[in-house]
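Beneath this line is the structure, given in structure tokens, with notes to follow.
The values are calculated or read from the model by the stated rules, or taken from the named source; none is laboratory data. Just so you know, these numbers come straight off a predicted model, no measurement behind them. Glycine gets a Cβ as well: all are built from the backbone with ideal geometry, and neighbour counts include every protein chain shown. Please note that ligands, DNA and RNA were not included when accessible areas were found on the heavy atoms of the full protein model with its side chains. Shrake-Rupley method; radii C 1.70, N 1.55, O 1.52, S 1.80 Å.
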Amino acid sequence: QVQLVESGGGLVQPGGSLRLPCAASGRTFRNYVMAWFRQAPGKERGMVAFISSGGTTYYTDSVKGRFTIALDNAKNTVYLQMNSLKPEDTAVYYCAVRLGATYNDWGQGTQVTVSS
């Protein structure tokens, strides 16, 4: 099992930036995918971005050009840099790791609120 702890959420004005770190601990692994999901009130949880151990990245269309996912292997941490934030980015953001076919381990989530 992998323990994931997110941080960095908060209240930010439209157009602002936040960086969300997700620190991983527990079992070691070589091949994996780490992802950020988000869930807004009344909506289903959806994937925002992922990054593989090989460096492949993916972004959902609504965040392309604004968000960047990155890995710091030395710190066992994945980051989500969010720029040009919009009110519709308001959600609870979750970090997750996939070692096989599914995302089995999740963090507790961190709230991001974009409002003036």
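Filter the chymotrypsin sites (Phe, Trp or Tyr not before Pro) in the range 27-90 down to the DSSP loop ones having no more than 13 other Cβ atoms within 10 Å, then list what survives. Intermediate values should be presented prior to the final figure.
Details: sites: F29, Y32, W36, F37, F50, Y58, Y59, F67, Y79; in loops: F29, Y32.
Within the range 27-90, the qualifying chymotrypsin sites (Phe, Trp or Tyr not before Pro) (loop, at most 13 other Cβ atoms within 10 Å) are F29.
Would you mind estimating how fast the range 12-67 diffuses translationally, via Stokes-Einstein at 10 °C and 1.306 mPa s with the Kirkwood radius over Cα pairs, in µm²/s? It would help to have the intermediate numbers written out before the result.
Working: Rh = 13.4 Å.
Translational D for this selection: 118 µm²/s.
How far apart, in nanometres, would the label points at Q13 and T68 be if each is projected 7 angstrom from Cα along the Cα-to-Cβ direction?
2.3
Taking only protein heavy atoms and a 1.4 Å probe, what accessible area per residue, in Å², does the range 1-90 have with all protein chains in place?
Working: 5040 Å² over 90 residues.
Per-residue accessible area for the range 1-90 comes out at 56 Å².
Using Cα positions and a limit of under 14 Å, work out the aspartates and glutamates in reach of K75, with same-chain residues fewer than 8 apart set aside.
Cα-Cα hits under 14 Å: E6.
Where in the range 12-35 is the amide nitrogen less than 12 Å from a point lying 7 Å along the Cα-to-Cβ axis of S116?
13-16
Per-residue accessible area for K86 at 1.4 Å probe radius, Å² rounded to 10?
80
So which lysines can K64 reach, going by Cα to Cα under 20 Å and dropping same-chain residues fewer than 8 places off?
The reachable lysines, counting only those whose Cα sits under 20 Å from K64, are K86.
Residue separation times 0.36 nm, minus the C-alpha to C-alpha distance between D61 and Q1: what's the value? Provide the component values of the computation, followed by the final result.
Values: separation 60, 0.36 × 60 = 21.60 nm, distance 3.08 nm.
Value of the extension gain: 18.5 nm.
Charges only on Cβ, +1 for Lys and Arg, -1 for Asp and Glu: so what's the dipole of the chain about the Cα centre, in debye to the nearest 20? Can you show the working numbers first?
Details: 11 positive and 7 negative charges, 31 e Å.
Dipole of the chain, to the nearest 20 debye: 140 debye.
Give me the percent of accessible area attributable to carbon and sulfur for the chain, probe 1.4 angstrom. Could the numbers behind the result be given before it?
Details: 2890 of 6210 Å².
Using a 1.4 Å probe with all protein chains present, the chain comes out at 46 percent carbon and sulfur.
Counting only DSSP beta bridges with both residues in the chain, tell me the antiparallel percent, nearest 5. Before the final figure, lay out each step's value.
On the way: 39 of 42 bridges.
In the chain, DSSP labels about 95 percent of beta bridges as antiparallel.
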